[in-house]
1. What does DSSP give for segment 10-181 in terms of the percent of beta bridges that are antiparallel, rounded to the nearest 5?
2. Could you check the simple spin-label distance between Val233 and Ser50, using points 7 Å along Cα→Cβ, in nm with one decimal?
3. Place +1 on the Cβ of every Lys and Arg and -1 on the Cβ of every Asp and Glu in segment 224-265, take the dipole about the Cα centre, and give the residue among Leu263, Val233, Ser253 whose Cα lies farthest towards its positive end.
4. Calculated FRET efficiency, Leu260 and Thr287, Cβ-Cβ r, R0 22 Å, to nearest 0.05?
5. When only alpha-carbon atoms are used, what values of Rg and Dmax, in angstrom, describe segment 10-181?
6. Which one of Trp80, Gly40, Val143 has its Cα pushed farthest toward the positive end of the charge dipole of segment 10-181, where Lys and Arg give +1 and Asp and Glu give -1 at the Cβ?
7. Going highest first, how would you order 163-170, 16-23 by mean Cβ packing within 10 Å?
8. For the pair Arg314/Val191, report the inter-label distance in nm, with labels modelled 7 Å from Cα in the Cβ direction.
Amino acid sequence: MRRTIPDMNTVAVAITDGMLHFELSVAFEVFGPAPAAVTGPWYELVGCGSDAVRAGRFRLEPDDGFDRLASADTVIVPAWADVDVPPPADLLDAVRAAHEAGARVAALCTGAFVLAAAGLLDGRRATTHWAHTDVLAERHPRVEVDPDVLYVDNGSVLTSAGKAAALDLCLHLVRLDHGSTVANAVARRLVVPPHRDGGQAQFIASPMPAREDHPLAELLPWVIERLDHPLTVEDLARQAAMSSRNLGRHFRSVTGTTPLQWLLVQRIRRAQELLELTDDGVEAIATATGMGTATTLRRHFNRTVGVPPDTYRRTFRSSHADGAAFRGHPARLS
């Protein structure tokens, strides 16, 4: 049975020998200090393990034992350093117990091997670092391994690709629980792009690239400032002083998607912000985001976010007041 408690705020990080310190640090950085944008409860973060461990060159002392995982709301399993070494039985038992108790379990990078060994990925789509996807698929044939995405959200079980994608997945969890405004605040503190969609290929730059030396560096901010305009591919190509075909090639290279798909995602993100931060009606938000009508906004919003705009607003107004969790879907690029 899934948990129904209102705050869903306890995050337990599984700590044991053989885990990589980078992904451990990601979990503690994202779920540790609360950003100023949080107006309700933040996460209670605990490290759980059977004993003091070494992660890389660092020694860590867990706050509690593995049995604490079963009472957590979210369990983070960091990257497993050597995928040829079986994870310890007490870790597998604890992860299974947590999932059976209703926890949301997320594996970072090669932490997917721990979830697979625990049987949590059987019959599910999952990903891991591109260098190990073939091994994961061969070793666990019941897992549907997708090597071409940043992270996979199955609701109660989530997996990410390597390093930076682990950060993307953690920010995705914050976005589900607290909304895009809070997740963006965490991203700003960490000086990383606020959102990269999970369906994005592992080798493709983010929808809002961090680099400033790409061919669309001047165009993308120009578009963001004009989301209330009915922009077309021709409008973008004209502003960028290039042909529509050339523009499409650059968009694929820089953002991993087409100009119109990228533009739609930006409009949806702006709508999310306005729903969270203003009292504007759906019709006004449709105009402000260039969607034209409330009907069009509702159709695209429901398809990409997973809930209607009104439901999203009610959820996050409640979330900001009392820390309620949101079980939506990330905005997709297609």
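Every read-out reported here was derived from the displayed coordinates using simple, explicitly stated rules and does not represent laboratory data. What you see is a predicted model; the values in this text were computed from it and never measured. Cβ atoms come from the backbone with ideal geometry, glycine included; neighbour counts cover every protein chain shown.
1. 30 percent
2. 5.7 nm
3. Going by the charge dipole, the pick is Ser253.
4. Calculated value: 0.70.
5. 14.7, 46
6. Of the options given, the answer is Gly40.
7. The densest-packed peptide leads the list: 163-170, 16-23.
8. A separation of 4.3 nm, rounded to one decimal place.
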